[in-house]
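What follows is a short report on a single structure.
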Amino acid sequence: MQRVMLPILLLAAAIASFTVSDRRGEETPTAVATTDVVEVTTPMLSARRVPGYLSLPQAQSDLDVGMRDIAARSPQLSCLIVHDTEGVELFTSNPDVGLVPASVQKLVTATAALEQMGPDARYRTVLAAGAASVDGIIEGDLYLIGGGDPLLHTEAYAASFPEDFTHTRFEQLADDLVASGVIQITGGVIADETRYDIEREPSAWAESEGLARDGFTGPLSALMLNDGFSSFPEIREPGVFPTPASDPALFAAQEFDDLLEERGVVILGGSRNEPEPPPGLVELVALESAPMSEIVAEMLTFSDNTTAELLLKEIGLATSGEGSTDGGGLAALEILGNLAVDIATVRVADGSGLSDRNRLSCDAVIDMLEIAGADSPLANGLAIAGASGTLRERFTRFPLRNQVRAKTGTLSTATALAGFVETRFDATLVFAYLANLEPEITEDLLALQEPMLERMADYPDGPPPEELEPLGLDEEPAAPYLAPEAPTGEAPADPGPTPTPDDGSGLGPDE
């Protein structure tokens, strides 16, 4: 558009000049005395008369040079795209190549979940029985029915992490049942995980090379407490992993049994996991999760693998009635296609990005970010540079601290970063960067991301339009433009909680 507008403006100026000269033969009107007339020396057809069209192309050229340097220093299997929020392409390299995206795959899960379920949807964990209690006594068994809530946690488990995060307090369910007047259960506490299949991990994980799963996720279930871990360290430390439950649903029922007994409820039967609960159960109490927008934000901010995997199963259930990874993957592709995302090279092997069988192109990533928008629940759920989640300890200096919102991704052979940059010249850029390298990602490759973002943060760094306007009779051209210098030194310390260590729990920094 800029290349078109400049000739049009210059042509208009030329026509105006010709019209004035053509009228010189007409009778000259009486002169009118004026004061403070500013004479200009800039010719009518000078490009200085359209200063904005001189400044912006230079800024775009500078950004292009910087991004070309990043692309040249990246592996052959890499892609990079930068757009402004109007959708104008500022740079592109290998846009439609399908690459292993690592945890940037969670953008697929987030996009599909928000589109299919909506930002206000909530999970429900339900207590039910064959009949309502009479005089505080439940005759028979109490059924603990899993609703797929990926953030159903005890207070102790949530407190073991150094940074606060959205979760559903499991103890509240016991408090609510006791508050309803229940004092005795003549049967036991029965686990119901039939909402989803009982595949404890995506099949693609077994096929992925070099995937160390210890501590990243517990066994998956529609009734999963504490990420499926039966024990965990009180304080998270690198290399100290929680213990996965052998039967996550049964573990949740046993823990609930203990919570009720701590509150004085007498339970005469034991706990068990039944594959086919009886029909006609009566709902007694339900515990709702946070809204979907907050659950998606937790997944994106902390790169929570467990949340991602259960979200994908819920997507499958909501679209086809099949609460499975495969069902969710097919549904996610269909949802993205309906949103006009470029899915030609997209492959969904899991919800988290732990599998190296996933594929995304930079085109697809940019499509998802632009369709959502910079003020969307998806964008607001991204980690913030120097402030939260997987970016808490990255990009901590000016001009990136608090100005970058992005999803990170790291596997042994893949690195990725995608999101939004608020530049120091009041622009917003959308970007996607994916890189794959065998046999493994190097520190030098990871280090490219900081100068890449810094160059984006300088956009549109160019001569201000006022320095390019027509000159007055006695004016001299302005001195050559110099970009503002960035402040030196560290950014102010963040008073927030202690950074989350890389403990491999699935709630800490990116895998």
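The values are calculated or read from the model by the stated rules, or taken from the named source; none is laboratory data. From a predicted model like this one, the values you see are computed outputs, not experimental measurements. Glycine also receives a Cβ, built like all others from the backbone with ideal geometry; neighbour counts cover every protein chain displayed.
Remark: ALA174 matches the filter, which requires a residue to be outside the structural domain of GLY328 (by TED's automatic domain parsing) and in contact with a Leu (Cβ under 6 Å, 6 or more places away or on another chain). For TYR196, the criteria (1) modelled with pLDDT under 95; (2) assigned to a loop (DSSP other than H, G, I, E, B); (3) crowded, with 20+ Cβ neighbours inside 10 Å hold in every case but one, which is (1). Just to verify a result, which residue in the range 361-377, among those that are part of a loop (DSSP other than H, G, I, E, B) and not hydrophobic (A, V, I, L, M, F, W, C), is farthest from THR428 (Cα to Cα)? That would be SER361.
If you check PRO238, PRO219 for being touching a Pro at 6+ places or on another chain (Cβ under 8 Å), in a loop (DSSP other than H, G, I, E, B), of a type outside the set (A, V, I, L, M, F, W, C) and without any contact (Cβ under 8 Å) to a residue 60 or more places away in the chain, only one passes: PRO219. Quick one: is ALA159 out of contact with any Pro (no Cβ under 9 Å at 6 or more places or on another chain) and crowded, with 19+ Cβ neighbours inside 10 Å? It is false that ALA159 is out of contact with any Pro (no Cβ under 9 Å at 6 or more places or on another chain) and crowded, with 19+ Cβ neighbours inside 10 Å.
What are the residues in the range 64-83 that are among the β-branched types (Val, Ile, Thr) and either over 18 Å from the mean Cα position of the chain (by Cα) or assigned to a loop (DSSP other than H, G, I, E, B) (or both), if any? Talk me through it step by step, then tell me what you get.
Just the residues of the range 64-83 that are among the β-branched types (Val, Ile, Thr), to begin with: 65, 70, 81-82.
If the condition is that a residue be among the β-branched types (Val, Ile, Thr) and either over 18 Å from the mean Cα position of the chain (by Cα) or assigned to a loop (DSSP other than H, G, I, E, B) (or both), then VAL65, ILE70 are the ones that fit.
Taking the condition within 27 Å of ARG169 (Cα to Cα) and aliphatic (A, V, I, L, M), does ALA102 pass? Considered against the rule, which asks whether it is within 27 Å of ARG169 (Cα to Cα) and aliphatic (A, V, I, L, M), ALA102 comes out as no. Between LEU437, LEU445, LEU453, the distinction of being crowded, with 23+ Cβ neighbours inside 10 Å, farther than 26 Å from PRO150 by Cβ and modelled with pLDDT of 55 or more belongs to LEU453 only. Here GLU294 meets the list (1) of a type outside the set (A, V, I, L, M, F, W, C); (2) part of a helix (DSSP H, G or I); (3) surrounded by 24 or more Cβ atoms within 10 Å (Cβ to Cβ); (4) in contact (Cβ under 8 Å) with a residue 40 or more places away in the chain almost entirely, failing just condition (3). Scanning the range 378-399 for residues that are in contact with a strand residue (DSSP E or B) (Cβ under 8 Å, 6 or more places away or on another chain), aliphatic (A, V, I, L, M) and part of a loop (DSSP other than H, G, I, E, B) turns up LEU382, ALA385.
Scanning the range 318-360 for residues that are touching a residue at least 60 places away in the same chain (Cβ under 8 Å), in a loop (DSSP other than H, G, I, E, B), over 18 Å from SER221 (Cβ atoms) and of a type in the set (A, V, I, L, M, F, W, C) gives LEU339, VAL341, ALA344, VAL346, VAL348, ALA349.
One line per residue, one yes/no per condition, for (1) touching a Phe, Trp or Tyr at 6+ places or on another chain (Cβ under 8 Å); (2) closer than 14 Å to LEU152 by Cα; (3) modelled with pLDDT under 95; (4) surrounded by fewer than 16 Cβ atoms within 10 Å (Cβ to Cβ):
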{"site": "GLY215", "(1), (2), (3), (4)": "yes, no, yes, no"}
{"site": "ALA222", "(1), (2), (3), (4)": "yes, yes, no, no"}
{"site": "ASN226", "(1), (2), (3), (4)": "yes, yes, no, no"}
{"site": "ASP247", "(1), (2), (3), (4)": "no, no, no, no"}
{"site": "ALA253", "(1), (2), (3), (4)": "no, yes, no, no"}
{"site": "GLU261", "(1), (2), (3), (4)": "no, no, no, yes"}
{"site": "GLU276", "(1), (2), (3), (4)": "no, no, yes, yes"}
{"site": "LEU281", "(1), (2), (3), (4)": "yes, no, no, no"}
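Do we find a residue being closer than 20 Å to ASN436 by Cβ and either outside any loop (DSSP other than H, G, I, E, B) or not small (Gly, Ala, Ser) (or both) anywhere in the range 115-126? For the range 115-126, residues closer than 20 Å to ASN436 by Cβ and either outside any loop (DSSP other than H, G, I, E, B) or not small (Gly, Ala, Ser) (or both): absent. Checking each residue in the range 136-162 for being at pLDDT below 95 and either in a loop (DSSP other than H, G, I, E, B) or assigned by TED's automatic domain parsing to the domain that holds GLY328 (or both) picks out SER160, PHE161, PRO162.
Scanning the range 303-317 turns up no residue that is in a loop (DSSP other than H, G, I, E, B), in the same structural domain as THR109 (by TED's automatic domain parsing) and without any contact (Cβ under 8 Å) to a residue 60 or more places away in the chain. For the range 320-340, residues that are within 12 Å of LEU107 (Cα to Cα) and either crowded, with 24+ Cβ neighbours inside 10 Å or of a type in the set (Val, Ile, Thr) (or both) total 1.
Taking ALA110 as the residue in question, decide whether it is buried (at least 20 other Cβ atoms within 10 Å of the Cβ), touching a residue at least 12 places away in the same chain (Cβ under 8 Å), out of contact with any Cys (no Cβ under 6 Å at 6 or more places or on another chain) and outside any strand (DSSP E or B).
On the way: buried (at least 20 other Cβ atoms within 10 Å of the Cβ): yes; touching a residue at least 12 places away in the same chain (Cβ under 8 Å): yes; out of contact with any Cys (no Cβ under 6 Å at 6 or more places or on another chain): yes; outside any strand (DSSP E or B): yes.
Here the answer is yes, as ALA110 does meet what is asked.
Report yes if some residue within the range 113-124 is crowded, with 17+ Cβ neighbours inside 10 Å, over 30 Å from LEU369 (Cβ atoms) and in contact with a helix residue (DSSP H, G or I) (Cβ under 9 Å, 6 or more places away or on another chain); otherwise report no. No; the residues of the range 113-124 include none that is crowded, with 17+ Cβ neighbours inside 10 Å, over 30 Å from LEU369 (Cβ atoms) and in contact with a helix residue (DSSP H, G or I) (Cβ under 9 Å, 6 or more places away or on another chain). Taking GLU86 as the residue in question, decide whether it is in a loop (DSSP other than H, G, I, E, B) and either among the aliphatic types (A, V, I, L, M) or modelled with pLDDT of 50 or more (or both). When the stated conditions are applied, GLU86 passes them. For the range 114-126, indicate whether the set of residues that are more than 22 Å from the chain's Cα centre (by Cα), of a type outside the set (Asp, Glu) and over 23 Å from LEU378 (Cα atoms) is non-empty. The answer is yes; a qualifying residue exists. Residues in the range 276-291 that are in a loop (DSSP other than H, G, I, E, B) and farther than 27 Å from SER352 by Cα: GLU276, PRO277, PRO278, PRO279, GLY280, LEU281.
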